[in-house]
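Q: Below you will find the structure I want to go over with you.
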Amino acid sequence: MNSDSPVVFVVDDDHRVREALSSLISSVGLRVAVFGSAAEFLEFEKPDAPACLVLDLQLPGTSGLELQQQLLAGDTPPIVFISGHGDIPSSVRAMKAGAIEFLPKPFDDQELLRSIHAAIDQDRIARQKKSELAELQRRYNLLTPREREVLPFVVAGFANKQTAANLGTSEITIGVHRGQIMRKMAAKSLAELVRMADRLGIARAARTV
Amino acid sequence: MTGSAKSKNDIPPATSIPEGAASLESILCTEELLQRTSRPPDHAKENAALVALASALAESGQSILDILAGAILQVTDSDSAGLSLLTSGFATPGDERRRFYSATIKGMWKGHAGDGTQRNFDPCGDVLDRNCTLLLRHFERRYPDLLPVSLAAEECLLVPFYVRGNAVGSIWAMMHTDRRRFDSEDERLMRVLGQFASLAYQTLGTIDNLKSQINAREKAEARLRELTRAEVGVILDSLQAQVRTGEEFHRVVVETASDTVVSIDHRGDILLANHATTATFGYEPAELIGQPLTILMPEYLRDLHRAGLKRYQETGHRHINWQSTELIGLRKNGEEFPVEVSFGEFNSDGRRVFTGFIRDISERKQVEEALRASERGLGLIVETIPGLVWCAAPDGELNYLNQRILDYTGTRAGDWAQLGWKNLLHPEDAETTAHAWSRAVTTGQPLEVQCRLRRSDGAYRWFQALGQAARDSAGGVTRWYGLLIDIDDRKNMEEALRNNRARLSRAIQTATIGEFAAAIAHEVNQPLAAVVTNAQACLRWLAAEPPGMAKAHEAAERIVRDGKEAGEIVRRIRALFRQAAVDNVEFDMNEVIGEVLHLLTGETTRRRVAVETDLGLDLSPVLGDRVQLQQVVFNLLLNGIEAMDRVVDRPKQLFICSKQPNPETILVEVRDCGPGIKDPDRIFEAFFTTKENGMGMGLAICRSIIDAHRGRLWAASGEGSGATFSFTLPVRVAS
């Protein structure tokens, strides 16, 4: 198991349930970290890996639903709720707030594990998207201010001559900026640059003619 | 004697009040006249008196004062009445020789007629001094001259008597007992009759003068034989003038009367009409003279009048009552109006003259009409009361039913006598209601009974029948007034409530079991979930390549451990119900508290309640129904937990303690830090609840259980916040 391997967090105040879940989850090769309360979980320094949170609805102190609300604001793994005697309103609230699944105790191991895997997959994709965007942002940060001015014209399909006219410079200078942009952004084609610009949320220059 | 005290006729006030005599103020109560309730004018009686006076004048003129006194006695319904006059023709004003003499007295005091008193000390003297009406009480206290008079003067009403604008005496009416008290109507009547009589008195004087002049004339005539013819002529002229003056009298009387006075001759033609005709009929008196009386009556009465007058003159038979008859008058402008007429008849030189006193009674009629309207209004009110109203005679016979009763029962007023009200009642209620009613009628006590009354569609509805007797001044029942109030809806609600109570009492038992069950389910569920998960993990470890034997072993061990724990929980639950069939067993209260607390851990965790216990060591065992007492502890703890649901500003703490304050008693206290109890006494009543979804049965049941164990359960509201429920139980007495 390397540091990138997924991890499952379990928060339940009942030690018997924690022990059982820890054993079950590790039996399928997943890393497990168990906590007796929401506070313990919040204090824990989470590894940078795809993750899933198995959360008991009834917790002393901060309840499961309250923890869910707190986590929504920040960086959170998808949640699978478990409950001793879950009521319908609570389960609806949990699902609406983005929970993967809501399982009443005692639960079926296959169902629980399937939910955990689904949660981890979802988190993995989210994490990947997030890291790709971070990489694009890093590349974009390499551009000079003038290159960032030119980029919207390039992705809008302006010819160098037109861009030069718009920015009041020479066609040759624009050609140089364009080459630098393609290199710094590591774009293999204009089409790829356009996709990168879209993901970064860069607006294309409007045609004036 | 001061100038300002001088009265109108220049007679000085009394100066020789005997020592010890009461002051005038002490016997004076004239202002009371205005405060007393005045009886309404009796115009018929008044008119009769006026007619009698007028007739007396026309006939003789002598008996006028007697008739006046008699009339006053009658109209004021007094015990004695009379007229006192100053003796006339004496010396100067203030002369002590001037005396009052009783010109006439009628009634009980009539024996004193002709008695005299000193001018300066007599009630009449005070009247003259003050020149106004006086009402005196027991005046003999002030006027010792009157002390020997046999009958005491309880009250005496005196009105000045004027002749030619001068007060010359007083008319008085007197009560010798407190049979009745004079009112302002008496005063008015005496003034009216006095005014009338003063004219008579003037006439009397005139006639007296005339007589003396005639006397003188007769004496003179002897001498006159020698006198010149011219002289005789002068004397005769003067004599004729005097006679004319006498005839004038009647006219004067008529002119001053406030009512319309019309005299007619035997043909029905108007001989004389007074000024009041202008206001009443719109005719100047002059316009009427010589006209037939029928001009004053509407067309349809004229033939009747002519025929009646003719018949009376032929047969002496009166077609209408002469004393007071209501007729219709006709004004000059054609307007008809109600009048009240009294007639008198006298002969004048063999001619029959009829005089009518006519009073416009439009206003009275309007008042009467208004009264009738208000009576109709009252009837209308009774009819519109949204209740069923009935009245009955003192003997219990129904004699009035309002429209609503008739509408409700679908009957007519006439039906009831035939049908009998008992037949409209539900057969089951008829006897008891009839019994209650006959009891009320016999004793005069109010009626109050509930019965079912049949509606027009045959359905019976519950009514509250109320009856109240109205009584006369002697306390005798004059009438029964009754009300029927529809209480059917209320009755049905009471019935529904009784059913609800029974249902709720079952429901609370079910609910308590349900709460137990939920708590049990949670307690068993936790280890069960752990067991299942561990077993699944165990299987997976065994199925792994290579099998994780150590992990599988650990999981299997946890299964055993948690399974045992679940078994323990089940054992505890069974313990809860184990002795259900046994009423009286010996047990440890702390054990019961511990079991209940364990059952409630799920609840306390979920609601984040911190439970603190302080259970006394070596408590004596108690004797009782273990399950019931568990229920009590469970209820009190659950109440405490729920009471703190809304607490957000402080930790939710539930405290339970047990101790043995004395060798005979175990005390258990449950304290929460919720909002406290507003009404610690009522909280144990059934259906009293402060919870949104509560049924209010829990504490009522708890109290009945503790009571059954000869213990005591009470509540107290803590300082600031929180409630404490405490109960005691007797310990088992060592035999």
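Q: Can we say residue A:82 is within 14 Å of chain B (Cβ to nearest Cβ) and β-branched (Val, Ile, Thr)?
A: Criteria met by residue A:82.
Q: Out of everything in region B:592-617 that is more than 14 Å from chain A (Cβ to nearest Cβ) and free of Cβ contacts under 8 Å to residues at least 40 places away in the same chain, what residue ends up being surrounded by the fewest Cβ atoms within 10 Å (Cβ to Cβ)?
A: Selected residue: B:617.
Q: Does residue B:76 satisfy the criteria of being at pLDDT below 70 and β-branched (Val, Ile, Thr)?
A: No.
Q: Further question: Given the structure, is residue B:490 at pLDDT below 75 and more than 8 Å from chain A (Cβ to nearest Cβ)?
A: The answer is no for residue B:490.
Q: Among the residues of region B:657-666, is there at least one that is assigned to a loop (DSSP other than H, G, I, E, B) and either within 14 Å of another protein chain (Cβ to nearest Cβ) or surrounded by 15 or more Cβ atoms within 10 Å (Cβ to Cβ) (or both)?
A: No: zero hits.
Q: While we're looking at this one, here's another question. Quick check, is residue A:113 within 14 Å of another protein chain (Cβ to nearest Cβ), among the aliphatic types (A, V, I, L, M) and in a helix (DSSP H, G or I)?
A: yes
Q: For residue A:121, which of the numbered conditions (1) modelled with pLDDT of 85 or more; (2) more than 14 Å from chain B (Cβ to nearest Cβ); (3) outside any helix (DSSP H, G or I) fails to hold?
A: Of (1) modelled with pLDDT of 85 or more; (2) more than 14 Å from chain B (Cβ to nearest Cβ); (3) outside any helix (DSSP H, G or I), only one is false for residue A:121: (3).
Q: Of all residues being more than 11 Å from every other protein chain (Cβ to nearest Cβ) and aliphatic (A, V, I, L, M) in region A:11-31, which is nearest to residue B:553 (Cα to Cα)? Just the residue, please.
A: Here the residue is A:30.
Q: Has region B:568-591 got any residue that is modelled with pLDDT of 90 or more, in a helix (DSSP H, G or I) and buried (at least 16 other Cβ atoms within 10 Å of the Cβ)?
A: yes
Q: How many of the residues in region A:108-161 are over 18 Å from residue A:78 (Cβ atoms), free of Cβ contacts under 8 Å to residues at least 60 places away in the same chain and of a type in the set (A, V, I, L, M)?
A: Adding up the residues that qualify gives 9.
Q: Only one of (1) within 14 Å of chain B (Cβ to nearest Cβ); (2) at positive phi is not met by residue A:98, so which one is it?
A: (1) is the only condition that residue A:98 fails.
Q: Given the condition part of a helix (DSSP H, G or I), small (Gly, Ala, Ser) and in contact with a helix residue (DSSP H, G or I) (Cβ under 9 Å, 6 or more places away or on another chain), answer yes or no: does some residue in region A:127-146 qualify?
A: No: region A:127-146 contains no residue that is part of a helix (DSSP H, G or I), small (Gly, Ala, Ser) and in contact with a helix residue (DSSP H, G or I) (Cβ under 9 Å, 6 or more places away or on another chain).
Quick grid of which residues meet (1) among the hydroxyl-bearing types (Ser, Thr, Tyr); (2) at pLDDT 75 or above; (3) in the same structural domain as residue B:193 (by TED's automatic domain parsing); (4) in a helix (DSSP H, G or I):
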residue	(1), (2), (3), (4)
B:241	no, no, no, yes
B:290	no, yes, no, no
B:303	no, yes, no, yes
B:314	no, yes, no, yes
B:318	no, no, no, no
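Q: State all residues of region B:542-567 that are more than 9 Å from chain A (Cβ to nearest Cβ) and assigned to a helix (DSSP H, G or I); if no residue qualifies, say none.
A: B:542, B:549, B:550, B:553, B:556, B:557, B:560, B:563, B:564, B:566, B:567
Q: Run down A:78, A:60 and say which single residue is in contact (Cβ under 8 Å) with a residue 40 or more places away in the chain and touching a Lys or Arg at 6+ places or on another chain (Cβ under 8 Å).
A: Criteria check complete, one pass: A:60.
Q: Looking at (1) surrounded by fewer than 19 Cβ atoms within 10 Å (Cβ to Cβ); (2) within 21 Å of residue A:12 (Cα to Cα); (3) within 11 Å of chain A (Cβ to nearest Cβ); (4) not small (Gly, Ala, Ser), find the lone condition where residue B:534 falls short.
A: Residue B:534 satisfies every listed condition except (1).
Q: Let me ask you something else. Spot the failing condition for residue A:52; the list is (1) surrounded by fewer than 24 Cβ atoms within 10 Å (Cβ to Cβ); (2) more than 11 Å from chain B (Cβ to nearest Cβ); (3) out of contact with any Leu (no Cβ under 8 Å at 6 or more places or on another chain), and only one is missed.
A: (1)
The values are calculated or read from the model by the stated rules, or taken from the named source; none is laboratory data. Just so we're clear, the structure is a prediction, and the values are computed from it rather than from any experiment. As a convention, Cβ positions derive from the backbone with ideal geometry for all residues, glycine included, and neighbour counts pool all protein chains shown.
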